[in-house]
Amino acid sequence: MIARDLMQSPVPTIKEDAPLTEACDLFVEGRINGAPVVDVNDRLVGIVTQQDVLFGTLGRPIHEGGAPLLDFGPLDPIWTLRVRDVMTSPAVCATEDADVGELCRLMWSLRIHRIPIVREGRVAGMVSSMDLCHAVCEGTLAVPV
Amino acid sequence: MLARDLMCTPAVVIRQDDAVTHLCDVMQEAHVNGLPVVDENGEIVGIVTEEDVLYGSMGEAGASAPTAEPVLVRDIMTSPAVCATEDTEVVEICRMMWTMRIHRVPIVRDGHVTGIVSAMDLVRAIAEGTIEP
């Protein structure tokens, strides 16, 4: 089994200069936890997850000086930050013919939940741990009895 | 393959009356994105994830001055939790996770959490060769 057999395609991407709030909207609307980040030419430059939003916004200097951890006021950096400020870059990625066993070893060793699949630098799809669940449901990935 | 063959043990749990700030510490230390929530008797009452922290505890504070009362896990958790037992088939757990778009299912015995199966456990099983892709 290779990445192409398992990946979701197409997948929503987000521009690196988009406001972070747009990433939050994408997560909620798409019911997803992470998305590949692309530049103006649609080339993959990173990945952004809910975790990046959570830990990337709460630790900023605005919260120093005794401000509460969960103060979500008008000065909160989440309103001014861009996706590129919190994303992980470069993204760990693979090509469509990557072996699923290799992908899983990569995902497990790095404890990452999703790997963008690229074709000539552009996002062709994505493989996530949830796609493995889907494959088991569909019977395309067999678990031993 | 049954839940007991795939689940992670022991499961890290959080009390429903713990503060969300403590929850964040526990999730970071344990390197997990979600935890089963238990009551004072150790029985499962719900599940809480980073998503709940992000959308459940951060949305209201801007509307008024922060209060002295900490946000508690029980205020943001999903309850009841979707659970399975140790002898539930892995295929059935995958079906639950996929259809409900949830990433983890606590495994319970007599109301107490004995382990947790997450989508990442499938990744681990393939990485370790227990499941052949």
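For this structure, a couple of remarks:
- Selection from A:V83, A:L6, A:H134 lying farthest towards where the dipole of the protein assembly as shown points positive, charges on Cβ: A:L6
- Each other residue within a Cβ distance under 12 Å of B:V90 adds +1 if Lys or Arg and -1 if Asp or Glu, for a net charge of -4.
- Counting only DSSP beta bridges whose two residues both lie in chain B, roughly 85 percent are antiparallel.
- When the charge dipole of chain B is built from unit charges on Cβ atoms (+1 for Lys and Arg, -1 for Asp and Glu) and taken about the Cα centre, the candidate among B:T88, B:I76, B:V32 whose Cα reaches farthest toward its positive end is B:T88.
- Partner chain coverage, peptide B:94-101 - average Cβ within 10 angstrom: 5
- Angle in degrees between helix B:20-30 and the longest Cα principal axis of chain B, rounded to the nearest 10: 30
- Rounded to the nearest 20, the Cβ-based charge dipole of chain B about its Cα centre (Lys and Arg +1, Asp and Glu -1) stands at 260 debye.
- If only the Cβ of Lys and Arg carry +1 and only the Cβ of Asp and Glu carry -1, the dipole of the protein assembly as shown around its Cα centre is close to 520 debye.
- Each peptide among A:27-37, B:16-26, B:45-55, B:113-123 gets the average number of other Cβ atoms lying within 10 Å of its residues, and from highest to lowest they stand as B:113-123, B:45-55, A:27-37, B:16-26.
- Peptide A:105-114 shows a mean partner chain C-beta count of 4 within 10 Å per residue C-beta.
- Over chain B: helical MRE at 222 nm, DSSP H runs n ≥ 4 each giving -39500 (n - 2.57), nearest 500: -8000 deg cm²/dmol
- Inter-chain Cβ neighbour average for residues A:123-136, partner chain, 10 Å: 5
- Look at the dipole of the protein assembly as shown built from charges on Cβ: of B:I126, B:H112, A:G125, the Cα furthest out on the positive end belongs to A:G125.
- No Cys partner within the rule (Cβ under 4.7 Å), the protein assembly as shown: A:C24, A:C93, A:C104, A:C137, B:C8, B:C24, B:C83
Throughout, read-outs are computed from the coordinates displayed, never taken from laboratory work. Just so it is clear, the structure is predicted and the values come from calculations on it, not from any experiment. In this analysis, Cβ positions are derived from the backbone assuming ideal geometry, glycine residues included, and neighbour counts consider all displayed protein chains.
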